[in-house]
Amino acid sequence: MLEEEEPETYVPPAAQQRSLLRRRAASFGHALRGVWVALRSELHLQFHAAATVLVLGLGAYFQLSPTEWALVGLSVASVWAAELFNTAIETLTNLVSPGYHPLAGKAKDVAAGAVLLAALGAVVVGGLVFGPKVWALLPR
Ligand SMILES: Nc1ncnc2c1ncn2[C@@H]1O[C@H](COP(=O)(O)OP(=O)(O)OP(=O)(O)O)[C@@H](O)[C@H]1O
């Protein structure tokens, strides 16, 4: 015999919207906590944080154009994103494979490779954007 379906409780659209917003706010909080936890435990990220402050300060000093800011911002964000993914993959790998395993090593090496490529891209962008400006300041 078919079970009778329970009638759905009516939730006013405004209340639905509120709970949706609350869930989004909670997800945002979890994401920020992820960045903070990684920042506290990972020396690489602390280095990136210092480098980010330096780059933003240099950008303000040299009054970068909007396009230059966009390039620098994307580069900085891509290094942070790669480093956070790397940390997540390292953490998961340590969880599922605390002992030695070639696949665990491969996962970590590939994740580290992503960070390396993002960092190389950022160095190229940094050199192209800031290089000529710093060069022009050097005494001749
Ligand atoms: N469980 C494992 N099995 C096999 N090889 C591993 C394993 N763990 C680490 N390795 C190898 O050692 C390298 C360094 O791993 P490790 O976990 O120390 O990361 P790391 O790059 O030093 O990062 P961090 O400095 O953030 O800890 C890996 O890239 C991988 O080649």
Per-pair calculated FRET efficiency, R0 = 22 Å: Ala114 and Ala31 via Cβ, rounded to 0.05: 0.70
Alpha-carbon centroids, the stretch 18-77 and the stretch 83-140: separation in whole Å: 15 Å
Degrees between helix 43-61 axis and first principal axis of the chain (Cα, 0 to 90, nearest 10): 60 degrees
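Based on the Cα gyration tensor of the chain, what are the three equivalent ellipsoid semi-axes, each the root of five times an eigenvalue, rounded to whole Å and given largest first?
Numbers: eigenvalues 349, 135, 32 Å².
Over the Cα atoms of the chain, the ellipsoid semi-axes are 42, 26, 13 Å.
For the chain, what relative contact order do you get, as a whole percent, if you take Cα pairs closer than 8 Å and at least 6 residues apart? List each step's numbers first, then the result.
Details: 51 pairs, mean separation 33.0, N = 140.
Once divided by the residue count of the chain, the mean separation gives 24 percent.
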Mean Cβ neighbour count within 10 Å, used as a protection proxy, ranking 111-120, 52-61, 75-84 highest first: 75-84, 111-120, 52-61
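Values in this text are rule-based calculations from the coordinates and carry no lab data. For clarity, every value in this text was computed on a predicted model and none was experimentally measured. FYI the Cβ positions are ideal-geometry reconstructions off the backbone, even for glycines, and counts take in every protein chain you see.
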